[in-house]
Protein chains: 2
Amino acid sequence: MPVYNAPLEDILFILNDVVGIADLSKLKGYEDVTPDLVQSILEECAKLCTNEIAPLNLSGDQEGCHFENGIVRTPKGFKEAYKLFIDAGWQALSGDKNYGGQGMPKSMDFTVSEMLCGANLSFSMYPMLTHGAYEALINHGTDELKKTYLPKLIEGSWSGTMCLTEPHCGTDLKLLRTKAVPQNDGSYKITGTKIFISAGEHDLTDNIIHLVIARTPDAPEGIKGISLFIVPKFMPKADGTLGPRNGVYCGSIEHKMGIKASSTCVMNFDEAQGYLVGNLNEGMKCMFTMMNAARLGVGMQGLGLAEVAYQNAVIYAKERLQGRSLSGVKCPEKPADPLIVHPDIRKMLLTIKSFVEGARALAYDVAYHIDISMLHDDPKTREEADDYVSLMTPVIKAFLTDYGFESTNLALQVFGGHGYIVEHGMEQFVRDARISQIYEGANGIQALDLVGRKLSQHSGRLMRQFFPVIDQFVRDHKENPGMADFTQPLADGLSKLQQATMYVAQKGMVDKEEAGAAASDYCRLFGYVALAHMWAKMAKVSLEKMNGENPDFYRNKLSTARFYMSRMMPNCGALLTSIQAGKKSIMELSEAAF
Amino acid sequence: MPVYNAPLEDILFILNDVVGIADLSKLKGYEDVTPDLVQSILEECAKLCTNEIAPLNLSGDQEGCHFENGIVRTPKGFKEAYKLFIDAGWQALSGDKNYGGQGMPKSMDFTVSEMLCGANLSFSMYPMLTHGAYEALINHGTDELKKTYLPKLIEGSWSGTMCLTEPHCGTDLKLLRTKAVPQNDGSYKITGTKIFISAGEHDLTDNIIHLVIARTPDAPEGIKGISLFIVPKFMPKADGTLGPRNGVYCGSIEHKMGIKASSTCVMNFDEAQGYLVGNLNEGMKCMFTMMNAARLGVGMQGLGLAEVAYQNAVIYAKERLQGRSLSGVKCPEKPADPLIVHPDIRKMLLTIKSFVEGARALAYDVAYHIDISMLHDDPKTREEADDYVSLMTPVIKAFLTDYGFESTNLALQVFGGHGYIVEHGMEQFVRDARISQIYEGANGIQALDLVGRKLSQHSGRLMRQFFPVIDQFVRDHKENPGMADFTQPLADGLSKLQQATMYVAQKGMVDKEEAGAAASDYCRLFGYVALAHMWAKMAKVSLEKMNGENPDFYRNKLSTARFYMSRMMPNCGALLTSIQAGKKSIMELSEAAF
């Protein structure tokens, strides 16, 4: 059975030495957030994940969720593990103190999220969805809604969902049909069918709070006529206990490639009572509050799964004896050398390792900027931080899940035939990772968000802030001979990204299909450069710290950074060339010829 | 449920216009093999695949194989479909006429194999393994063994297996422990455990013929002490009927990520009676006869699955309405445009299409050269053809299965969330395709075969023959303005492949780990260039034929060729740069640091 051990040393290195999480204690409300506190929280979370949640991963996959007469049961052990999770306050970690939360930084949520995803992706879905509902409510709900729902969501005794997709309507929400008819008491009656609703029905919590997008009868056409509603499974009474069952029922659950212990439900709303969240016809804005949090969360899924797959592949590569080293026998006392002596095995492992550590740095850097964007004193600093988060959201979602999937596949490959066998658990990581490229906006949509929205947002301000940061870093360190292995590929990658940006901006202005044809390659190029930036920063810190304690840790960082620069960054050139080939060969083939 | 329609038009285009299968009728024994005969055979096979075999694919996956008390039952319908398959003579297609075969060219086997794999990969495994056993016996068996076994294997009433892997011994066969103890009657008693034995036990045939590698008691150490044995499940009597049960039993079947309707067995040999095939201690040579056929066969699995995944993704992309074209509404009468108007959807589909058609051309070209290598009058021509087949075998195995897997994933992505749901069948293609990158030599091993063996074989003769063919093609057509879109990227790719070859040859001679560090990138680069060569040839034919019948077909070929050249070939540059980065960043990290 696979193991999961939270990579605490690396997480702390990034938080403390790269991101600089100590600065968060300067923010109002985070005065107590010291590195020591952060470390002790992470250690507790790591224990829970390793001892309680990870052991349910394989069995959860094999058992799956059960559906009978509208009731969904999660696999054996999930209920008990979930109770441990909420009893220890993990759902409440970054929750607002006014509603019973612990008020810790969002940055902490990201680390917890990485660990949960690595330990058990299906399990992690339930808290993640609750988190999305919390975000929607705290940002857009009325005081009454907040008072009624937030304490329960924060403690985790109630869970949440995001009800967006309908059978005929996935990405294209203007096709939405679910109706919300206003009632005299200010509530709405919601009717329609939603599909692919994660955690739509299950047995972990007393109540389930659905956040549902729907149209009111007189709403304008298209996405401008969409509103967000809250629809509880049980109507809460004034004293906080559960009242009558609402008209929302699970019609069936999906049989899926993976995340089998996460219930994916068809939810039927039949005049279910709901309440407006945010303003009428501004549902898209509210939805994106949930969605952006969810997109970053899905990025963490790619990271978490890549990490756990890596850990198990490394164990196997060190244990499994097969073949002899090309540079001469390494273990003469054994019948063969371990797999890890072979260059191609190392290359696969290093591909994952250099992705994981770079992606972790990027994700935690973005998380840190979320905290800054919310609480910094200076409005300009807040705005810049928010710009950075906006720009990176599609990159994190797409790049981390594409490479997360790729990583789980490489890890499976290290196992050879044994990786294809269910009991080793490696193939589950692949199947679980596959969904992350699809949900919360398929990665092609993320790419369109990046080129179609983020590039031009505020007249290109997001980009104009980001590129000079890298450029400045290169100029600050290019004279340092120890940094040459890193600054030069970074500068080269940035130059290619800038050329690609120019191409997309210029061509895309005249012809949107040119931007569309470039989008996915552009998003991937962006990811390579964003990770290279983090790797260069990690290299800089490592060079500085190499003469102190634990020099091996920093020397290994530099080795991994070198691998990233010399073996991953060459892809940037191919992506730029492909982008510059333009739309012609993509668009010229007639529909009939496919 | 997914559909499968054999791509007959494209197959015939490649066989007739690109490969020139008509030339096969000049070979001794193939005088009757006319293009008309080929076409009518393919049409029959297509019907069988579409109507009988493909409909069992999804149900076979869901039901899986059953194991009880040593007996394996295949899923519902497999027995009947297999009977149709052998009754119509498909197993016998290229079998030796002296043993009841139809004596058709090997090229035909490849087309049948592509169709079977596309229709139902699990089903295709049973005939494929029989084919491997046939190859071992016809090439290395005594006359008596041939007389006893070949007619049954050719008609398909008995099936075959390849028993190589043991629990501790996959790639590294020198670790092999299975024993073969000689008996006074000239037979051997075989004892040991083999794992991952496809078709090791099942209910499709009366008898199962295991080809087993094992060691005799006095055999030299290592792979030079391995011999090949034939071990039937039931001992055949002199009259061809079945005699006593032999001591070989299925201990269990594996639960796997995919190919669930293909039984993957643990086979226990307990003093099972066996007979030597080939010479003592020359088992590796005999094994490679099976293995090379199997490697090409596995390459066809990647191709077949990419094709069927593509077909279903195209249907979905034309039907599913979602979003509006970036260049303006295309279907104003509908609530949204079909997915296929979107550049990123087209890019994913074209990636598969340009891979599939290029890979098909390469595979059939190699198949044609197998026939030439066996039957051509001129020994030099035979040798050259054999060299080409040897060189391309690892490329076809690795490139076609890596891209096959990639293709099934892209096709799943086109379906969005629906691709992740079991009932649509797209996720099964992904799971089924995944094994093809692993078995018959993991793709890393294919890459080592290419750089470690094929590059240096006969002092580099294989390479020295192949590169000038491409070079000559470029020189022959570079003045043709219509060909510029194709000859230039091909020439550029060849140049990069030659630089990479130089690097690998020079560095690898001094330090084998340099070759090992380059291997997988090199093999992939080789694949891109080999397909580009076929695309350039297809473009040439298409330009010539465009003014005749069916001009759209040829115009579309040119469009797809352009996509391949402009959007796939840029990867060659990244691969070369990565290769030239050398082994340092791969080998410097200490084992403990992983």
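The values are calculated or read from the model by the stated rules, or taken from the named source; none is laboratory data. These numbers come from a predicted model, not from an experiment. All Cβ positions, even for glycine, are placed from backbone atoms using ideal geometry, and neighbour counts span all protein chains on display. These area figures cover heavy atoms from the full protein model, side chains too; ligands, DNA and RNA do not enter into them. Shrake-Rupley method; radii C 1.70, N 1.55, O 1.52, S 1.80 Å.
The alpha carbons of the stretch A:223-269 occupy a box of 42, 33, 16 Å along the principal axes, longest dimension given first. In the context of the full set of protein chains, the stretch B:146-273 has a per residue accessible area of 36 Å² (1.4 Å probe). Annotation: Cα Rg of the stretch B:323-365 relative to the compact-globule expectation 2.2 N^0.38 Å equals 1.63. Here's the list of lysines a cross-link from B:LYS28 could span, going by alpha-carbon distance under 26 Å and ignoring same-chain residues fewer than 8 apart: B:LYS97, B:LYS106, B:LYS146, B:LYS147, B:LYS152, B:LYS380.
Averaged over the residues of peptide A:559-568, the number of Cβ atoms from other protein chains lying within 10 Å of each residue's Cβ is 5. By a 1.4 Å probe calculation restricted to protein chains, A:LYS237 has an accessible surface near 110 Å², given to the nearest 10. Per-residue 3J(HN,Hα) values for the stretch A:199-205, derived from phi via the Karplus relation 6.51 cos²θ - 1.76 cosθ + 1.60 with θ = phi - 60°, read 6, x, 8, 5, 10, 8, 10 Hz in sequence order (x marks Gly and Pro).
With the helix formula -39500 (n - 2.57) applied to DSSP H stretches of n ≥ 4, the protein assembly as shown reaches a computed 222 nm mean residue ellipticity of -17500 deg cm²/dmol.
Averaging Cα coordinates gives a centre for the stretch A:97-141 and one for the stretch A:569-586; these two points are 38 Å apart.
A convex hull fitted to the Cα coordinates of chain A yields 174 cubic angstrom per residue. Can you give me the % of accessible surface on the stretch A:442-584 that is carbon or sulfur? Probe 1.4 Å, all protein chains present, nothing else counted. Of all accessible area on the stretch A:442-584, carbon and sulfur atoms account for 51 percent.
Only protein heavy atoms count here, probed at 1.4 Å, and on that basis chains A and B bury about 7700 Å² of accessible area in total.
Against the main long axis of the alpha-carbon atoms of chain B, helix B:78-87 sits at an angle near 90°. The GluC sites (Glu not before Pro) of the stretch B:26-122 meeting both criteria, a DSSP state outside H, G, I, E and B (loop) and at most 16 other C-beta atoms within 10 angstrom of the site's C-beta, are B:GLU31. Of the residues A:SER262, B:SER327, B:SER113, the one with the largest accessible area comes first in the ranking B:SER327, B:SER113, A:SER262, computed with a 1.4 Å probe on protein heavy atoms. For the pair A:SER40 and A:LEU280, the difference between a 0.36 nm per residue extended length and the Cα-Cα distance amounts to 82.0 nm.
Computed 3J(HN,Hα) for the stretch B:410-415, one whole-Hz value per residue from the Karplus formula 6.51 cos²θ - 1.76 cosθ + 1.60 where θ = phi - 60°, is 5, 5, 4, 4, 4, 6, glycine and proline marked x. What's the long-distance tail for the protein assembly as shown, i.e. % of Cα pairs beyond 52 Å? Counting every Cα pair in the protein assembly as shown, those more than 52 Å apart make up 23 percent. Taking the longest Cα principal axis of chain B as reference, the axis of helix B:571-580 is set at about 60 degrees. Listed by chain and number, the lysines whose C-alpha is less than 22 Å from the C-alpha of B:LYS545, apart from same-chain residues fewer than 8 away, are B:LYS353, B:LYS478, B:LYS537, B:LYS557. Loop-located trypsin sites (Lys or Arg not before Pro) across the stretch A:155-201 with a Cβ neighbour count of 15 or fewer within 10 Å are A:ARG177, with loop assigned by DSSP.
A:MET534 contributes an accessible area of around 0 Å² to the protein surface, as traced by a 1.4 Å probe with all chains present. Across the stretch A:442-584, C-alpha contacts under 8 Å between residues 6 or more apart give a mean separation that, scaled by the residue count, equals a relative contact order of 31 percent.
For the set B:THR393, B:THR241, solvent exposure ranked by accessible area (probe 1.4 Å, protein chains only) runs largest to smallest as B:THR241, B:THR393.
Placing a label point 7 Å from Cα along the Cα-to-Cβ axis, A:SER456 is separated from the same position in the other copies by 5.8 nm, shortest listed first.
Working note: Karplus 6.51/-1.76/1.60 with θ = phi - 60° gives the stretch B:390-404 the couplings 4, 4, 7, 4, x, 5, 5, 4, 7, 5, 5, 7, 4, 6, x Hz, where Gly and Pro are set to x. Could you please state, rounded to a whole Å, how far the C-alpha centre of the stretch A:515-537 is from the C-alpha centre of the stretch A:353-417? For the stretch A:515-537 versus the stretch A:353-417, the Cα centre distance is 12 Å. Legend: distances between Cα atoms for A:LYS174/A:LYS194; B:LYS83/B:LYS194; A:LYS334/B:LYS584; pairs beyond 20 Å are B:LYS83/B:LYS194; A:LYS334/B:LYS584. Assigning unit charges at the beta carbon (Lys, Arg +1; Asp, Glu -1) and nothing else, what dipole magnitude in debye, to the nearest 20, does the protein assembly as shown show about its Cα centre? Dipole of the protein assembly as shown, to the nearest 20 debye: 940 debye.
Within the stretch B:256-293, the residues that become at least 30 Å² less accessible when every protein chain is included than when their own chain is isolated (1.4 Å probe; DNA, RNA and ligands ignored) are B:LYS256, B:MET257. For the stretch A:351-414, carbon and sulfur atoms together expose 46% of the accessible surface, with a 1.4 angstrom probe and every protein chain in place.
Each of A:ALA88, B:GLN102, B:GLN62 was scored by the projection of its Cα onto the charge dipole of the protein assembly as shown, and the greatest displacement toward the positive side belongs to B:GLN102; charges sit on the C-beta of Lys, Arg, Asp and Glu. Distance cut-off 23 Å, Cα to Cα: go down the list A:LYS496/B:LYS397; B:LYS260/B:LYS397; B:LYS76/B:LYS256 and report the pairs above it. Correct reply: A:LYS496/B:LYS397.
Eigenvalues of the alpha-carbon gyration tensor of the stretch B:442-584, scaled by 5 and square-rooted, set the equivalent ellipsoid semi-axes at 32, 14, 12 angstrom, largest first.
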